[in-house]
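To start, the structure under review is shown below, and the notes come after it.
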Ligand code: TXA
Ligand code: MG
């Protein structure tokens, strides 16, 4: 006997939210749906709670977490927001955008959240359930994607339960995540410079339009430490830009290229983002020993999908 309970899956009605809030207050772990992927949430002001996240995911301690907040005032308490940050917040918060900003000393977060960096990653999510939780607690929530470190991100309760079912106390059931890909991460640097640390539902062009200048190309600054070459790994070899499956492969199609599952038969990239992780989870569980995936155009959210696929194949 491992002694560890299996997670309780609960409906996010008023009673379910109350139970989740109680667990969070006690320093427990709660898996929560967001508009991007499911997050593994814990109170960000408590070192033991945050340590629980790293332990549950098997996450290396140099990889910082995103701090989730529900208001601009709360954001200002933890980070320094300049004019650009306010402009981005006005347009994209609440929503799938994470900003890496200079952090304020002594704001009361567990140091492990930032993993020793002078910056903090902040996101104001849009999903009803995550927002309800954030508004019910007096602390922000640290929440990485609710999967074992390096694995495929979860977009459904089943994905979370299969990956972290015996490491998390409660899973709030919010159905499938709307966007299906993790938030776009932008780092706002001094002197108006910025860089895209992780492509996502919002693309580079949308950011460049608002920020009024192109991304800095000389990236001497820190990259998102979690953007390691191999990530989102389904546990078997992945071959990209395939048109047919070989003998040992299961095929994931797109547009005119068929497969056992298709990311989108219509060739719709939003649908492909929504379906991507579910297809990878299905292919990971299939009997074939390898996965082949059709090419997707490098346009809009296609850039973020291809970024994830390259890492899944690395
Ligand atoms: O959509 C999302 O962002 C989801 C949901 C749950 O909000 N969360 C998520 O968290 O994807 P995670 O931990 O899987 O990815 C967070 C990324 C990591 O690559 C981490 O290295 C980076 O954010 N990060 C966090 N703080 C950072 C910082 N101060 N500077 C640079 N990168 C940072
Ligand atoms: Mg992740």
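Observations
- For the range 254-289 versus the range 132-211, the gap between their alpha-carbon centres in whole angstrom: 21
- Sequence ranges 279-286, 208-215, ranked by mean other-Cβ count within 10 angstrom, highest first: 279-286, 208-215
- Candidates 94, 154, 297: whichever shows maximal mean-square fluctuation once the chain is modelled as a Gaussian network with Cα springs under 10 Å: 297
- Relative contact order of the chain, pairs being alpha-carbon contacts under 8 Å that are 6 or more residues apart, as %: 20
- Here the contact order of the range 1-120, divided by its residue count and restricted to Cα pairs under 8 Å and six or more residues apart, works out to 24 percent.
- Among 239, 260, 126, the residue with the largest mean-square fluctuation in a Gaussian network model of the chain, with springs joining Cα atoms closer than 10 Å, is 260.
- Anisotropy class of the range 1-58 from Cα gyration tensor, a/c 1.5 cut: rounded
- Structure-based [θ]222 nm, the chain - -39500 (n - 2.57) summed over DSSP H runs of at least 4, per residue, nearest 500: -9000 deg cm²/dmol
- Taking the chain as a Gaussian network of alpha-carbon nodes connected by springs under 10 Å, the highest mean-square fluctuation of the residues 203, 82, 169 belongs to 82.
- Calculated translational diffusion coefficient of the chain (20 °C, 1.002 mPa s; Stokes-Einstein with Kirkwood radius over alpha-carbon pairs) equals 108 µm²/s.
- Pairwise Cα inverse-distance average, inverted: Kirkwood Rh of the range 238-313 (Å): 12.0
- Paramagnetic reach from residue 261 (point 7 Å along Cα→Cβ, amide N under 17 Å) across the range 174-206: 175-182
No value in this document is a laboratory result; all are computed from the given coordinates. Predicted model, so just to flag it, every value in this text is computed and none were measured. Every residue, glycine as well, gets a Cβ built from its backbone with ideal geometry; the counts of neighbours run over all protein chains shown.
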